[in-house]
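The next block holds one structure in the form of structure tokens; read it before the comments.
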Amino acid sequence: MSYTASPELIELFSVFAGPDIEDESIDLIRAALVMARSEYPSLDVEFYAGRVDELAGRVASSAADLTAPSVLSAVNHVLFEEVNLRGNREDYYDPRNSILNDVLERGLGIPITLSIVYMEVARRVGVQLPGVGMPGHFLLKHYAENGQEILIDCFNRGDVLTRQDCQSRLDEIYSGEMKLRPEFLHPISRRQILTRMLNNLKTVYLSTRNFRKALPIADLLLVIYPQSPEDVKQRALLRYSLGLQRLAAEDLHDYLKISPNASDADEVRQMALSIRRMLALMN
């Protein structure tokens, strides 16, 4: 039985998130729904993309006008009042919180998945909201006409946060051990948003030692950044744990090619050599 992502899934995800796609051209909704096919192989991507279009239609028809304040007020009303999207506080680490069709079906998510729905609904009505990759708590940013930055917390029903609020969020998550730095509130790329989504899901699976489900997620991460040494090494370890020694050895070889001077290069060489010896004995 293969635990890796299917060639069809890899190919389709590459169409939406491969390294040759311009970042601004990445369709976040469809890319996230293709990602969900790691869990639901026959998922109807267009059906759920249509759900987001329908939400945008509701926002457009209920907004007083198409200025940003009116649109954002309408997005808040449609998503948090009518549809009742909300943060899953009871079971934050349920993997379904990171899988977009489940978020749309259940109305439950974590900050990043709720933010993707919010930002993409707003974008369809003409309002651009960059993602903000604050550690532990993803946010959205809007620039008001006077140049003021407005930070939107989709996990908390579209609350507008001050910088002090952001520090309070960090205090809750990191027990006061992390100070807010300006770069925490910088916009991040669409590619980085997808990467963060995948890493969240992979972390949930690794925390329960569900290597079988973590491996296809590792495959998808390497579609976005094929030359990421840490992701190549982590996939090698996952493959090894699942008995895919030959593929693990290939990843270790690639890791050393990408990072020949890595601090753990000698250790990785020894592991690769051990795997090759083991494979030779099996032939």
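General observations
- Of the residues making up segment 172-192, those that are open to solvent by 60 Å² or more (accessible area, probe 1.4 Å) and either under 30 Å from S70 (Cβ atoms) or free of Cβ contacts under 8 Å to residues at least 24 places away in the same chain (or both) are E172, S175, E177, K179, R181, P182, E183, H186, P187, Q192.
- Check on R96, within 25 Å of R209 (Cα to Cα) and open to solvent by 70 Å² or more (accessible area, probe 1.4 Å): yes
- Single residue of segment 143-171 satisfying the filter (assigned to a loop (DSSP other than H, G, I, E, B) and open to solvent by less than 80 Å² (accessible area, probe 1.4 Å)) that is nearest to L114 (Cα to Cα): G158
- D219 being surrounded by 14 or more Cβ atoms within 10 Å (Cβ to Cβ) and within 17 Å of the chain's Cα centre (by Cα): yes
- Matching entry among F16, F47 (being among the aromatic types (F, W, Y), out of contact with any strand residue (DSSP E or B) (no Cβ under 9 Å at 6 or more places or on another chain) and within 22 Å of S228 (Cβ to Cβ)): F16
- Positions within segment 232-260 being open to solvent by 60 Å² or more (accessible area, probe 1.4 Å) and among the acidic types (D, E), in sequence order: E250
- Filtered residue count, segment 99-134, keeping only those that are in a loop (DSSP other than H, G, I, E, B), of a type outside the set (S, T, N, Q) and open to solvent by 30 Å² or more (accessible area, probe 1.4 Å): 2
- Of the residues M35, M1, the single one that is surrounded by fewer than 21 Cβ atoms within 10 Å (Cβ to Cβ) and either closer than 16 Å to L198 by Cβ or at pLDDT below 95 (or both) is M1.
- A68 buried (at least 17 other Cβ atoms within 10 Å of the Cβ), in contact with a Pro (Cβ under 9 Å, 6 or more places away or on another chain) and in contact (Cβ under 8 Å) with a residue 60 or more places away in the chain: no
- Considering I224, I258, I275, the condition of being out of contact with any Leu (no Cβ under 9 Å at 6 or more places or on another chain) and of a type in the set (V, I, T) is satisfied by I258 alone.
- Number of the exception - S263 against (1) among the hydroxyl-bearing types (S, T, Y); (2) surrounded by 14 or more Cβ atoms within 10 Å (Cβ to Cβ); (3) over 30 Å from H137 (Cα atoms): (2)
Okay, residues lined up against (1) in a helix (DSSP H, G or I); (2) in contact (Cβ under 8 Å) with a residue 60 or more places away in the chain; (3) surrounded by 20 or more Cβ atoms within 10 Å (Cβ to Cβ):
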position	(1), (2), (3)
A49	yes, no, no
A60	yes, yes, no
A64	no, no, no
L79	yes, yes, yes
N84	no, no, no
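The values are calculated or read from the model by the stated rules, or taken from the named source; none is laboratory data. Please read all numbers here as calculations on a predicted model, not as lab measurements. A quick note on method: Cβ atoms are made from the backbone with ideal geometry, for glycine too, and the neighbour counts reach across all protein chains shown. We work out accessible area using only protein heavy atoms, side chains counted, and drop any ligands, DNA or RNA first. Shrake-Rupley method; radii C 1.70, N 1.55, O 1.52, S 1.80 Å.
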